[in-house]
Amino acid sequence: MNNPFLFDGPGVISFSGGRTSGYMLWRTLQAHGGTLPDDVTVLFANTGKEMPETLDFVEACSVNWDVPIVWIENRPRDAERKKSHAVVTHATASRNGEPFAALIAEKSYLPNPVARICTAELKVRPMQRYLKSIGYTEWTTFIGMRADEPRRVARLSNQDYGSHETKEAPLAMVGVDKGAVGRFWKEQSFDLALPNMDGVTMHGNCDLCFLKGGNQKLALIREKPERALWWIEQEKGKHMEHREQPIGGGGWFRKDAPSYQAMYDMAMGHGELFPFEDTLNDCGCTD
Ligand code: SF4
């Protein structure tokens, strides 16, 4: 069997900023003798709502392993109505949800479990645009999915990404599970500074992502109440205020759960826990 971490032609490592994709990057570096080929790019797409520790971790991987990581952010359509993106750095990256809020303003609706536009518009498509802008026409993308995530991996292989892109999950191909990822990071001189809870990073990716479960979001709000404010503003339609013709309130990120304002009030008042588990685990942004 060929080494699944070896690229054969133009390639991309999609780095979510989590421990799993960090480990995938390390394995890929090892497979290539410590240095990636010139036609392999490591990409991290920042929504502006990533945890600060995630941004520091992406930078730490780049510095400690001496591997360039390109940071990109989605931008609103340009003067010619073309979709755009920006290349940023750890120092200049958005930290107050700016790319995410701009997307909501442009679309005039909130992402939700049925229309998960944020993953596609803030991560997948800006990455594709960036790659095309540097001359890629066809490439293979490595995604950080593990062997203990068979449903996500199956979906990956069932999707048609067009003739220009093939997606692969090399960690899953060699049987790496969350335990192996955890053991790897315990042995490193640096790590993601977010709790590892039985292989799951509760804080990971957008801080209060609507796909996280209610109890998870309550715990995160209790830990740092100001986390809720951006999400509350989006639901109150603050993102619409700049429009010449306001189109009304913003709605909710999830219709099957309380609003972020209600969750904030609940968290501050030490209210009831959610009686059911409503985590939607198949977010495409994680690890
Ligand atoms: S982490 Fe959640 S909120 Fe953030 S881009 Fe992904 S799906 Fe959207």
- Note on the structure: Once phi for every residue in the range 189-195 is put through the Karplus expression 6.51 cos²θ - 1.76 cosθ + 1.60 (θ = phi - 60°), the whole-Hz ³J(HN,Hα) values, with Gly and Pro written as x, are 7, 9, 7, 5, 7, 10, x
- Query: At a probe radius of 1.4 Å, what is the per-residue accessible area of residue 15, in Å² to the nearest 10?
  - Reply: 0 Å²
- Would you give the gap between the C-alpha center of the range 72-127 and the C-alpha center of the range 1-29, rounded to a whole Å? 25 Å
- Message: Can you give me the distance in nm between label points at residue 229 and residue 190, each placed 7 Å from the Cα along the Cα-to-Cβ direction?
- Response: 2.9 nm
- Using unit Cβ charges (K, R positive; D, E negative) and no other charged atoms, how large, in debye to the nearest 20, is the dipole of the chain about its Cα centre? 500 debye
- Sequence of 265, 38 when ordered by accessible area, the most exposed leading, probe 1.4 angstrom: 38, 265
- Item | Long-range amide H partners of residue 176 with built H, under 5 Å | 147
- Message: Just to verify a number: FRET efficiency for residue 82 and residue 261, C-beta to C-beta distance, R0 = 45 Å, to 0.05?
- Response: 0.80
- Message: Projecting each Cα onto the charge dipole of the range 11-186 (Lys/Arg +1, Asp/Glu -1 at the beta carbon, about the Cα centre), which of 25, 87, 154 comes out farthest on the positive side?
- Response: 154
- Task: Quick one: which residues, 5+ away or cross-chain, put their amide H under 5 Å from the amide H of residue 11? H built at 1.01 Å from N.
- Result: 40, 41, 140
- Query: What fraction, in whole percent, of alpha-carbon pairs in the range 11-186 exceed 21 Å separation?
  - Reply: 51 percent
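Would you compute, from DSSP H runs of 4+ residues alone, the mean residue ellipticity of the chain at 222 nm, taking -39500 (n - 2.57) per run and dividing by the full residue count, rounded to the nearest 500? Display every interim value, and only then the final one.
Details: 10 runs with 95 residues, N = 287.
Value at 222 nm, helices only, nearest 500: -9500 deg cm²/dmol.
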- Task: Any chance you could give the angle, 0 to 90 degrees and rounded to 10, that helix 98-107 forms with the longest Cα principal axis of the chain?
- Result: 70 degrees
- Once you charge only the Cβ atoms, +1 for Lys and Arg and -1 for Asp and Glu, what is the size of the charge dipole of the range 2-123 about its Cα centre, to the nearest 20 debye? 480 debye
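How high is the relative contact order of the range 11-186, given as a whole-number percent (alpha carbon pairs under 8 Å, six or more residues apart)? Walk me through the numbers before you get to the answer.
Numbers: 259 pairs, mean separation 43.1, N = 176.
Dividing the mean separation by the residue count of the range 11-186 yields 25 percent.
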- Under the Karplus curve 6.51 cos²θ - 1.76 cosθ + 1.60, θ = phi - 60°, whole-Hz ³J(HN,Hα) for the range 230-236, x wherever Gly or Pro sits: 4, 5, 4, 4, 5, 5, 7
- Item | Protein accessible area in the range 39-121, 1.4 Å probe - carbon and sulfur % | 53 percent
- Message: How large is the accessible surface of residue 63 in square angstrom, using a 1.4 angstrom probe and rounding to the nearest 10?
- Response: 100 Å²
- Note on the structure: Under 5 Å from the placed amide H of residue 85, counting only residues 5+ away or on other chains, we find 75
- Task: Compute the accessible area per residue over the chain, keeping the other protein chains in place, probe 1.4 Å, unit Å².
- Result: 48 Å²
- Query: Are any of the pairs 83/167; 123/255; 82/255; 107/255; 212/236 more than 26 Å apart by Cα-Cα distance, and if so, which?
  - Reply: 82/255
- Task: Identify the GluC sites (Glu not before Pro) of the range 172-232 meeting these criteria: DSSP loop state and at most 15 other C-beta atoms within 10 Å of the C-beta.
- Result: 187, 226
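The values are calculated or read from the model by the stated rules, or taken from the named source; none is laboratory data. None of these values were measured; they are calculated from a predicted model. When we count neighbours, we look across all protein chains shown, and the Cβ atoms used for this are built from the backbone with ideal geometry, even at glycine. Just so you know, the surface numbers come from the protein's heavy atoms only, side chains and all, with ligands and any DNA or RNA stripped out. Shrake-Rupley method; radii C 1.70, N 1.55, O 1.52, S 1.80 Å.
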